[in-house]
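> Let me begin by handing over the structure; questions about it come next.
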Amino acid sequence: MIKIAPSLLSADFANMGEATSRLSDWGSDMVHFDVMDGTFVPAITFGPAMCKAIRAYTKLPIDVHIMVEHPETYIEQFKDAGADYLTFHVEADRHAHRTLQAIRKAGMKAGIALNPATPVEMVEYVLSICDLVLVMSVNPGAGGQSFIKEVLPKVEKLKALREKNGYNYEIEMDGGINEATSKLAAASGADILVSGNAVFKADDPKEMIAKMHLAKK
Ligand code: DX5
Ligand code: ZN
């Protein structure tokens, strides 16, 4: 079954512990944690200290997505904060191979993210050392944006490359995922779907996650 990772970006920032503790009751598979630095993207959200604080409220894996410049600077801090996955943007790092290696060495799963305009070829030569590849289906920086369907062929390409070369990464899609677009992402081959607004603003988040789980036939 496809994994669903609700994004705390859409939770009530004044009650993050409570929001985090509800995620497993809703049937979530992971907690998606969006870090923005005000430079790589205009917004500023939260960092390792908040990650450490919410760690106490869930046993689910914490999937940290850092939309920051100089991602290599934060590896130890997120490890110490209890992150399970650490995903950075290839556009923010001239030395992506080294950063992926360092994340693994620190004991986390190493992920690399692609903005909508960034081609798969940008990461082709580091795929053998990726545990996760994140295909952005909105421009990073805010929740509640519309799904960019033109990026779907990147998911198909990543799936084909994984099969051809025997790679092991999971393929994650993030941005504008709702009940309808979850089906498109799943059909293209995504393994993990991030969802902020569609889950947190749903009348019944548990039911919404259950529907998204069924996206993969
Ligand atoms: C966007 C973040 C996403 C965002 C998704 O920069 O990386 O994780 O929270 O939110 P929705 O599902 O509302 O598009
Ligand atoms: Zn994200």
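> Calculate how large, on average over all directions, the projected area of the Cα convex hull of region 106-217 is; give the answer in nm² to one decimal.
Projected over every direction and averaged, the Cα hull of region 106-217 covers 7.6 nm².
> Still on this model: If I ignore ligands, DNA and RNA and count only protein heavy atoms, how much of residue 98 is accessible to a 1.4 Å probe, in Å² to the nearest 10?
Its heavy atoms expose roughly 150 Å² to the probe.
> Would you mind classifying region 91-134 by shape? Square roots of the alpha carbon gyration tensor eigenvalues, ordered a ≥ b ≥ c; an a/c under 1.5 is rounded, otherwise it is prolate if a/b is larger than b/c and oblate if not.
The shape class here is prolate.
> Fully extended, how many nm does the chain gain between residue 214 and residue 150 (0.36 nm per residue separation, minus their Cα-Cα distance)?
That pair, residue 214 and residue 150, stretches by 20.8 nm at full extension.
> Moving to a separate point now. Please work out whether region 66-171 counts as rounded, prolate or oblate from its C-alpha gyration tensor, where a ≥ b ≥ c are the square roots of the eigenvalues and a/c under 1.5 means rounded, while otherwise a/b larger than b/c means prolate and anything else oblate?
oblate
> Same structure again: Roughly how many percent of the accessible protein surface of the chain is carbon and sulfur, given a 1.4 Å probe and a whole-percent answer?
Answer for the chain is 51 percent, counting heavy atoms of protein chains only.
> Determine the shape class of region 33-92: with a ≥ b ≥ c the square roots of the Cα gyration tensor eigenvalues, call it rounded for a/c under 1.5, and otherwise prolate if a/b is greater than b/c, oblate otherwise.
prolate
> Mind giving me the nanometre distance, one decimal, between the label points for residue 97 and residue 69, set 7 Å out from Cα along Cα→Cβ?
2.5 nm
> Taking the Cα centre as origin and putting +1 on Lys and Arg beta-carbons and -1 on Asp and Glu beta-carbons, what dipole magnitude results for the chain, to the nearest 20 debye?
The calculation lands at about 500 debye.
> With respect to the cross-link table entries 149/206; 3/149; 79/206; 3/154, which display a Cα-Cα separation exceeding 23 Å?
Exceeds cut-off: 149/206; 79/206.
> Using a Gaussian network model of the chain with C-alpha springs under 10 Å, which one of 168, 178, 115 is most mobile by mean-square fluctuation?
Maximum among the listed residues: 168.
> Same structure again: Can you work out the FRET efficiency for the pair residue 1 and residue 165, with r the C-beta to C-beta distance and R0 = 30 Å, to the nearest 0.05?
That pair, residue 1 with residue 165, gives E of 0.75.
> Determine by what factor the alpha-carbon radius of gyration of region 1-80 differs from 2.2 N^0.38 Å, reporting the quotient.
Compared with the compact-globule rule of thumb, region 1-80 sits at 1.08.
> For the chain, what does -39500 (n - 2.57) per DSSP helix run (n ≥ 4), summed and divided by total residues, give at 222 nm, in deg cm²/dmol to the nearest 500?
The helix-only estimate for the chain comes to -8500 deg cm²/dmol at 222 nm.
> Sticking with this one: To the nearest 0.05, what FRET efficiency results for residue 77 and residue 125 with a Förster distance of 22 Å applied to their C-beta separation?
It comes to 0.20.
> Can I ask one more? Which of the listed residues, 60, 167, 145, is farthest toward the dipole's positive end in the chain, when Lys, Arg count +1 and Asp, Glu count -1 at the beta-carbon?
The residue sitting most towards the positive pole is 167.
> Using alpha carbon centroids, what distance separates region 163-210 and region 93-118, in Å?
That distance is 21 Å.
> State the antiparallel share, in %, of DSSP beta bridges confined to the chain, rounding to the nearest 5.
5 percent
> How large is the Kirkwood hydrodynamic radius of the chain, counting all unique pairs of alpha carbons, in Å?
Its Kirkwood hydrodynamic radius stands at 16.9 Å.
The values are calculated or read from the model by the stated rules, or taken from the named source; none is laboratory data. Quantities reported herein were computed from a predicted structural model and do not represent experimental measurements. So basically every Cβ, Gly included, is an ideal-geometry build from the backbone, and we count neighbours across all protein chains shown. Surface accessibility is based on the protein's heavy atoms, side chains included, excluding ligands, DNA and RNA. Shrake-Rupley method; radii C 1.70, N 1.55, O 1.52, S 1.80 Å.
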